[in-house]
Each structure stands twice: as structure tokens, then as C-alpha cells.
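The structure appears right after this line, and notes come after that.
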Amino acid sequence: MKKKQIIIGTRSSKLALWQAEFVKAELNRLYPDIEIELNKIKTTGDKILDVPLAQVGGKGLFVKEIEEALLSGKADIAVHSMKDVPTEFPEGLHLAVICEREDPRDALISQMQNVKFKINNFQSLPKAAKIGTSSLRRACQLLSIRPDLKIEHLRGNLETRLRKLDEGRFDAIILAAAGVKRLGLEKRITEMLPFEVSLPAIGQGAVGVECRINDDFINKVIAPLNHLETAVCVKAERAFLKKLEGGCQVPIAAHARIGRTSLMLDGLVGSITGDRIIKGHIEGKTEDAEKLGLALAEDVLSQGAKEILDEVYGR
């Protein structure tokens, strides 16, 4: 393979750069002769920090500008958190690779005092505790169990969110465990929330690589980074999301995993206040991942999910 340069398009947050550097290191290991550069790009989602994402509206808030760089040739590949990636792609682009998934669960993080957590777990949150999150998905699930909780708007990168917690603005915050672990801050996790308490966002914990469909060289070079089991699971989750016409900021959750003989998929749609949660579960062959996602979406729609989503979008 002759010497060539590859430009990776990425957001500039510490976590996004960790992900881009991870992909860069993997490619360097496979192809020592290829020069790899990062092109740090500010997205709409990075610019609007004073408004909950659900109110900003639209899909692809964290990928649009990076996709424009791919189309204009300012980047050859884009590295994304899969939970930020819309189910539709601009013409000429596709999701070529999904890397092996980190822990997909949500993590509860409480304040610390003398190296100990002030609150030890979700069950021991005091009445009317202030919880920081901007995710409608997380909020609706927590409120369905604990309607007394006060859900407060929290945006910013991971370090900013932890700083706001440590300043005493919240009793606890909810973050994706994957990001906390990747940045080496695992000791800050108070409790990993079980799926029964908080089902994750679609694709949570997985890193995706997007590129131009017709760039044969790039497609061939990045192909070894694809992790088949993760790709199959995320495919099922994204089919569920696509059928529901949801973006990454709506109260939709799904998680797929592969057992000994089949693929198992759980999904839910919830109202913003958490008073209505519709859940579904389906199992089937791994090669039918997409069909299973669509079938589960049909199931929750038949249970009344459409009315809930129309209400959310109406807001």
C-alpha cells in the first residue's frame, strides 16, 4: 500500500478526541506508512450550550458540519459517538465501521466528600433530589420510578458537567458510563444503572466511522476496525429508532445483545413526565437484526408510542 494521508474529522471535546485518537492508533498499527491527521470541527451542538438539545430541534446536531467536511474533501473519515448519528445519511456518505462497544449503561455520579460518595446509589437519593441531565430519555425513565426527582438542565462536555456537580448545583448527574471510563474517570461512578432503571440511548458506548461511499481506498483501509457483534446489535437498535422517526434527543431507548443462540432487543418510548412508559422485547436470529428492530418498533407503536412521540414533537 503506497504512502497516503488520511484526515479524520472529529469534534474537539476531550471525549471526541479520545475516540478519534483511538481510531488513529488502530490505523497506525495496521498501516504504519499512512500519515493520519485530525481535523477538529465545531458542530451546531457544540455551539449551542445554553439550551436543552431537545429544544434546539433537528437531527445530526453533532455530525452535520463533520459530514460537510467529508463531502468537501476536508476529511476522509469521520469518527462519531454512535448515539449522535442520525439514521439517514447525506447522499454519498455511509456508516462503514462500528468499533467494539464499551459499557453501554448509564452511570449515576453523586458528589464526593472526603473521598466518599455523599449519596451511595439511585435508591438512596433524597426526596426531591436535583438530578442533572439534558436527556429526555434519561429523565422520563428516572421520573417513572421517582416522580419526586427534580430534573435540571445540564449541558457541556464531561469535565464541565462534573465541575457543575462538584460546585453543588446538583445532588447527582447521569452520564454515559462509556465516556467516563474512556477518560479514565471510572472512580467517579457512584453506581452503574441497570437497564431496568435506565435503558441506554441507541448505539450508546459504540464508536462509528463514516466515509464517502465511492472512496474504495478508505473503505478498504478502515474495514478491519469493524466489530461484527457490535455492528449487528447497533443495526437492530438503529432500525428501531428509524421506524419511530426519532432523533438522538427524544425519549426513545433501545439495547441489543447477542446470547448463545439469538439476538435480544429491548426498546422503550416514554412521555417527558415519565407517567407513560411503553416497553417491548423481541428475540430472533442475528442475521435478522434490522427486521427485529422494525418489528419491535411496530410493537411499541401498536401499544400507543405514536401518541407519545407526537406529543413530544408537538412541544
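Any read-out appearing in this document is the output of simple, stated calculations on the displayed coordinates, not a laboratory observation. Just so it is clear, the structure is predicted and the values come from calculations on it, not from any experiment. Quick reminder, even Gly has a Cβ in these numbers, built from the backbone with ideal geometry, and neighbours come from all protein chains shown.
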Site M112, offset 7 angstrom along Cα→Cβ, radius 13 Å on amide nitrogen, limited to the range 172-189, gives 184-189
Taking Cα atoms only, helix 289-300 is inclined relative to the longest principal axis of the chain by an angle, in degrees rounded to 10, of 30 degrees
Over the chain, the sum of -39500 (n - 2.57) across DSSP H runs of at least four, divided by residue number and rounded to 500 deg cm²/dmol, gives at 222 nm -9500 deg cm²/dmol
For the chain, longest principal axis from Cα atoms; helix 136-145 axis from its Cα atoms; angle between them, nearest 10 degrees, is 30 degrees
Relative to the chain, whose Cα atoms define the longest principal axis, helix 228-243 and its Cα axis are tilted in degrees, nearest 10, by 60 degrees
Expected unfolding gain across H227-Y313 under the 0.36 nm per residue rule, minus the alpha-carbon gap, is 27.5 nm
Listed with the fewest Cβ neighbours within 10 Å leading, E283, E152 appear as E283, E152
The pairs in K42/K83; K116/K164; K83/K279; K24/K164 lying past 25 Å Cα-Cα in this model are K24/K164
Everything considered on the Cα gyration tensor (a ≥ b ≥ c; rounded for a/c under 1.5, else prolate if a/b is larger than b/c, else oblate), the range 228-315 must be described as prolate
Two pseudo-spin positions, 7 Å from Cα along C-beta at R169 and at N121, lie apart in nanometres by 2.9 nm
Of I252, I66, I36, the most mobile residue in a GNM of the chain (C-alpha springs, cutoff 10 Å) is I36
Taking 0.36 nm per residue of separation between E245 and E100 and subtracting their Cα-Cα distance, the length gained on full extension comes to 49.6 nm
Taking the square root of 5λ for each eigenvalue of the C-alpha gyration tensor of the chain, the equivalent ellipsoid has semi-axes, largest first and in whole angstrom, of 31, 24, 18
For the range 106-192, the convex hull over Cα atoms projects on average to an area in nm² of 5.1 nm²
With the dipole of the chain defined by +1 on each Lys or Arg Cβ and -1 on each Asp or Glu Cβ, the option from G280, G156, Q19 whose Cα lies farthest towards the positive pole is G156
